[in-house]
1. List the lysines whose Cα lies under 17 Å from the Cα of K159, skipping any in the same chain that are fewer than 8 positions away.
2. Can you tell me the length gained on complete extension of the stretch D89 to S65, counting 0.36 nm per residue apart and subtracting the Cα distance?
3. Taking 0.36 nm per residue of separation and subtracting the Cα-Cα distance, what length does fully extending T103 through K159 add?
4. With a 10 Å Cβ neighbour count serving as the proxy for reagent exposure, in which order, fewest first, do K99, K75 appear?
Amino acid sequence: MFVVNVKMDYKKILFFCIICAVVIASVIEFGIKDNSVFTNNSISNYDYEITEENFVSNLKKIHESIDENIGKTIKVTGFIYTLPDFKKDFYVCGRYLEKDNTTQVAGYMCNYNGDLKLEENEWVEICGTIIKGNYNGEIPVIKVDKVSKVIAPANTYVKEK
């Protein structure tokens, strides 16, 4: 037979429980990494929620009637694409478009000057408001309110329907 005699020190047990609670609370609060950066978190419902299925049709709709879409909110996922002549803090949130047996980048011009560093070909989800901009003529530009780094979808291509 085995007998253990343990003297219980309630102050040490209470101290141990408090330390465990602080560690658990810290993991819950700070342990989940969120790569989102908000510049304006007032958007919850969007006028345009861009998906793989409606990417091209909404792109055309917004470009064809810029003035009617100024101030509307939009949420889109795509990869970062830039050209050498883009102004600082401008990029395209794009997808590959298959058209006439060729592939090209199609997307939404975005203006973002926040803290999250965005790299070429990195996948992001952006949320923002449509404003009027200029790049080889008048175009709609998404003024980015929120950007999150995301994992690329299984299908990175969109088709014109």
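Bear in mind these aren't lab numbers, they're just calculated from the coordinates by the rules spelled out. Since the structure is predicted, the reported quantities are computational estimates derived from the model, not experimental observations. FYI the Cβ positions are ideal-geometry reconstructions off the backbone, even for glycines, and counts take in every protein chain you see.
1. Reachable lysines: K60, K61, K99.
2. Details: separation 24, 0.36 × 24 = 8.64 nm, distance 2.43 nm.
Full extension from D89 to S65 adds 6.2 nm.
3. Values: separation 56, 0.36 × 56 = 20.16 nm, distance 0.99 nm.
Extra length from T103 to K159 when fully extended: 19.2 nm.
4. Numbers: K99 12, K75 19.
The fewest-first ordering by Cβ neighbours comes to K99, K75.
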